[in-house]
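K.L.:
To start, I am sharing the structure in question, which I have written as structure tokens.
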Amino acid sequence: MLRRPTLVAAALLAAGALLLSGCTGTAEPAPTTTEITPDPDASVNIRLVLEPGNLDIRETAGAALDQILIDNVYQGLVARTPEQDIVPSLASDYEVSPDGLTYTFTLREGVLFHDGEELTPDDVVWSLEQVRDTETFRDSARLAKVDSITAEGQTITLTLSEPDSTLLWNLTGRAGLILEEGDKTDRKTAANGTGPFTLESWKQGDSITFARNDAYWGDKPQVAEVVFSYLPDNQAALTGALAGEFDALTGFDANLTEQIEANGDFAVSLGASTDKGTLAFNSKKAPLDDPRVRQAIRQAIDKESIVTALGAGQTQYGPIPELDPGYEDLSDVAPYDPEAARALLAEAGAENLSLTLTLYSGYGTTVSQILVSNLNDVGITLKVDAVEFPTWLNDVYINQDYDLSFVLHTEARDFENWANPDYYFTYDNPEVQRLYAESIAATDEATAADLLKQAARIVSEDHAADWLYNGASVVAVSTGIAGLPTVNVNERLNVAEVVKSAE
């Protein structure tokens with residue numbers, strides 16, 4: 001399956017600070033909702049990095065859409081927590097048959113769309129069938145094994161042709177979003193969901209504003225509105241926060257922590273993340289078709305120095321981060337060793353190489369400068385070609401015309417890309433594809449995760465790419481704000497529980 005939407009999102013999502021999982025902040029703990037007096041009329045302004053091109057979450061690529069629209073505006077039968085747990089949403093509960101072929105959901109009653117129409121079982125059946133049967137919809141292939149979708153009363157039943165261990169997870173994303181049948185909303189510029197917020201306005205090039213949905217079926221938001229302000233530059237975001245323009249900054253630069261915390265009005269939190277700073281190799285193109293060259297590049301890169309320069313995060317040596325099933329520490333596969341890298345290049349007859357690194361210009365220069373220096377130390381000249389995103393999308397993602405490319409992939413559980421030879425990674429290994437297919441067909445989580453673990457080690461041992469770091473969610477939050485998630489916020493930012501102090 002081609003994870004088209006997410007890759008694009010991944011590439012763009014964190015132009016500023018991108019750092020990692022398993023970290024905890026050194027700042028004072030953020031206030032809890034019980035420690036402040038909520039202002040129900042408050043407006044909360046949150047800085048984000050990348051603005052979506054349009055709002056059509058069914059057909060438009062980009063994690064910028066998932067980040068704000070899922071959970072807040074659009075919902076599915078099930079949802080995921082920042083910690084990656086699957087929980088009920090529009091379904092009050094669900095069951096999976098022991099053979100993994102039947103999924104039964106109990107649809108909540110009394111749920112309204114933002115236009116006032118009631119959510120019906122027919123809306124659910126229609127929404128899921130539309131995604132499954134429309135190839136142009138993002139994540140359509142994620143429902144390919146669903147044979148039938150039926151409703152009897154408030155019971156929704158999905159019957160599969162064969163087990164799919166990823167189905168529940170897929171239903172927490174775009175594939176599972178429930179829309180209103182017959183709705184005429186122009187989803188490129190407007191939205192009509194069931195979530196705790198309605199889309200109030202979109203000032204393109206500036207901000208998107210959500211308003212509290214007072215008809216929401218669950219607990220109502222405790223603020224009147226949330227404004228997502230798009231500002232890629234971290235220094236400008238810092239200045240704006242200190243001037244009182246923002247209540248929180250996501251995608252923040254951890255190296256600016258001391259400055260934003262200086263007056264005590266903000267605290268920086270480092271949360272876990274599935275962000276993967278990925279150095280892609282075009283293995284269809286000489287000399288990168290030689291695994292010795294790919295290994296040499298990996299062993300030439302000092303990942304610890306990258307993490308240090310970013311100010312947060314941790315090293316990563318394989319395609320699966322710690323938050324995802326199948327993770328294994330693969331640091332033994334290609335440890336930092338410039339001498340070994342030079343020997344591999346000599347053995348491959350690839351000394352004095354010249355390669356081009358193509359990347360989205362919004363990523364800044366920190367990572368690329370370290371790569372240039374590290375590769376130069378082993379005799380590889382690296383030219384950096386920083387391009388606008390449409391150019392990157394056309395040249396690298398679509399046409400696969402590149403040597404090396406750097407992308408921050410933010411999506412959770414996206415190993416499928418390594419089992420897809422058509423993906424821009426250009427990696428094609430039948431054994432990995434077999435293991436991934438077996439993982440999908442597994443009927444218990446432990447078996448599925450173990451198969452992914454086996455496949456991930458092969459991908460790393462093939463040196464299909466390099467994984468420079470596992471980034472953290474770096475969030476600076478005003479001391480007058482509580483309830484803002486700090487885990488995996490580049491992928492999803494559920495603001496339903498945000499509270500702002502009345503004082």
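The values are calculated or read from the model by the stated rules, or taken from the named source; none is laboratory data. These numbers were taken from a predicted model, which means no experiment stands behind them. We place every Cβ from the backbone using ideal geometry, glycine too, and count neighbours over all the protein chains shown.
K.L.:
Quick one: count up the residues across region 383-405 that are in a loop (DSSP other than H, G, I, E, B) and among the hydroxyl-bearing types (S, T, Y).
P.N.:
So the answer is 1.
K.L.:
Which residue pairs have Cβ atoms under 8 Å apart, sit 6 or more places apart or on different chains, and have a first residue in region 197-213 that is in contact (Cβ under 8 Å) with a residue 60 or more places away in the chain and a second that is loosely packed, with under 13 Cβ neighbours inside 10 Å and not in a strand (DSSP E or B)?
P.N.:
W202/T189
K.L.:
Here is a further query. Looking at A215, is it assigned to a loop (DSSP other than H, G, I, E, B), more than 30 Å from D428 (Cβ to Cβ) and in contact with a strand residue (DSSP E or B) (Cβ under 7 Å, 6 or more places away or on another chain)?
P.N.:
The answer is yes for A215.
K.L.:
Also: Take T198 and decide whether it is in a strand (DSSP E or B) and either on the phi > 0 side of the Ramachandran plot or crowded, with 21+ Cβ neighbours inside 10 Å (or both).
P.N.:
Criteria met by T198.
K.L.:
I would also like to ask the following. For E117, indicate whether it is farther than 29 Å from L323 by Cβ, surrounded by fewer than 20 Cβ atoms within 10 Å (Cβ to Cβ), in contact (Cβ under 8 Å) with a residue 40 or more places away in the chain and touching a helix residue (DSSP H, G or I) at 6+ places or on another chain (Cβ under 6 Å).
P.N.:
Spelling it out, it is not the case that E117 is farther than 29 Å from L323 by Cβ, surrounded by fewer than 20 Cβ atoms within 10 Å (Cβ to Cβ), in contact (Cβ under 8 Å) with a residue 40 or more places away in the chain and touching a helix residue (DSSP H, G or I) at 6+ places or on another chain (Cβ under 6 Å).
K.L.:
Can A191 be described as at pLDDT below 95, small (G, A, S) and surrounded by 15 or more Cβ atoms within 10 Å (Cβ to Cβ)?
P.N.:
no
K.L.:
Determine whether V475 is more than 28 Å from I297 (Cβ to Cβ) and in a strand (DSSP E or B).
P.N.:
yes
K.L.:
Another question about this same structure. Among the residues of region 334-351, is there at least one that is at pLDDT below 95, more than 30 Å from E258 (Cα to Cα) and of a type outside the set (G, A, S)?
P.N.:
Within region 334-351, one or more residues are at pLDDT below 95, more than 30 Å from E258 (Cα to Cα) and of a type outside the set (G, A, S).
K.L.:
In region 72-88, how many are in contact with a strand residue (DSSP E or B) (Cβ under 9 Å, 6 or more places away or on another chain) and touching a residue at least 60 places away in the same chain (Cβ under 8 Å)?
P.N.:
Final tally of qualifying residues: 11.
K.L.:
Pick from region 193-224 the residues that are among the charged types (D, E, K, R) and touching a Phe, Trp or Tyr at 6+ places or on another chain (Cβ under 7 Å): which of them is farthest from A502 (Cα to Cα)?
P.N.:
Among those residues, the one meeting the criterion is D206.
K.L.:
Moving on. Take the conditions touching a residue at least 40 places away in the same chain (Cβ under 8 Å) and β-branched (V, I, T) and apply them to T391. Does it pass?
P.N.:
Considered against the rule, which asks whether it is touching a residue at least 40 places away in the same chain (Cβ under 8 Å) and β-branched (V, I, T), T391 comes out as no.
K.L.:
Hand me the list of strands (runs of 3 or more DSSP E) wholly inside region 66-159 holding 3 or more residues that are farther than 24 Å from N192 by Cα, in the same structural domain as L493 (by TED's automatic domain parsing) and of a type in the set (D, E, K, R).
P.N.:
Fully inside region 66-159 and qualifying: nothing.
Residue by residue, here is whether (1) at pLDDT 95 or above; (2) touching a Phe, Trp or Tyr at 6+ places or on another chain (Cβ under 6 Å); (3) over 20 Å from A63 (Cβ atoms) holds:
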{"site": "E109", "(1), (2), (3)": "yes, no, yes"}
{"site": "L119", "(1), (2), (3)": "yes, no, yes"}
{"site": "V131", "(1), (2), (3)": "yes, yes, no"}
{"site": "T136", "(1), (2), (3)": "no, no, no"}
{"site": "A175", "(1), (2), (3)": "yes, no, no"}
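K.L.:
Quick check on region 356-381: of everything there that is surrounded by 20 or more Cβ atoms within 10 Å (Cβ to Cβ) and either aromatic (F, W, Y) or in a strand (DSSP E or B) (or both), which residue is farthest from the chain's Cα centre (by Cα)?
P.N.:
Only one residue tops the list, namely L357.
K.L.:
Shifting gears a bit: So if I check each of A341, A300, A334, which one is within 20 Å of F415 (Cα to Cα), crowded, with 22+ Cβ neighbours inside 10 Å and more than 24 Å from the chain's Cα centre (by Cα)?
P.N.:
Exactly one residue qualifies, and that residue is A334.
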